[in-house]
């Protein structure tokens, strides 16, 4: 299947990738864009909320540990403002103060799926498809 066919299949769903590291945002974009998704980027939760307010987003993939507004705060804000918007939380475990499992906390506050860094292209693509399929059923 060529990329144009996949774009039609997904009706150009918009995915927001949030990470303070531009190299991580780029890597994720390169992994999921060939599936026919439009990928937009934000470097923190503040930018992410602004993008959500300005345009329609179908899925958010966010890091947890970021300056300004971290991923946990972003997930809580998204749950409040956009309750049906699925979120995939990702983390390498580094961090904020203390010895916490940030991904479990992310799930508790509303992340649909979690992903531990490093991850494979297959893992993230599968979670993206799953998250969007579940959303379209509701």
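FYI, it's all coordinate maths here, none of it is from the lab. In this text the structure is predicted, and so the values were computed from the model without any measurement. Here the Cβ positions follow ideal geometry from the backbone for every residue, glycine too, while neighbour counts run over all protein chains shown.
Over 28 Å, how big is the tail of the calculated P(r) for the chain, in percent of all Cα pairs? Of all Cα-Cα distances in the chain, 10 percent exceed 28 Å.
Take each of the peptides 60-68, 104-112, 117-125, average the number of other beta-carbon atoms within 10 Å over its residues, and list them starting from the highest. All intermediate terms of the calculation are to be shown ahead of the outcome.
Numbers: 60-68: 22.0, 104-112: 18.3, 117-125: 13.3.
The densest-packed peptide leads the list: 60-68, 104-112, 117-125.
Considering the zone a paramagnetic label at residue 104 would reach in this model (a point 7 Å from Cα along the Cα-to-Cβ line), which residues of the range 67-84 have amide N under 18 Å from it? Output list for this probe position: 72. Using alpha carbons only, how many degrees (0 to 90, rounded to 10) separate the axis of helix 121-137 from the longest principal axis of the chain? Approximately 80 degrees, to the nearest 10.
Taking Cα atoms, how many degrees apart are the long axis of helix 71-81 and the longest axis of the chain, rounded to 10 and kept between 0 and 90? Between the helix axis and the principal axis of the chain, the angle is about 60 degrees. Taking the longest Cα principal axis of the chain as reference, the axis of helix 22-32 is set at about 40 degrees. With a cut-off of 8 Å between alpha carbons and a minimum separation of six or more residues, what is the relative contact order of the range 3-133 in percent? That works out to 22 percent. Shape analysis of the range 23-87 places it in the oblate category; the axes a ≥ b ≥ c from the Cα gyration tensor give an a/c of at least 1.5, with a/b not above b/c.
Helical runs assigned H by DSSP (4 residues or longer) give the chain a calculated mean residue ellipticity at 222 nm of -14000 deg cm²/dmol, each run adding -39500 (n - 2.57) before division by the residue total. GNM on the chain, alpha-carbon springs under 10 angstrom: the most fluctuating residue among 114, 15, 46 is 46.
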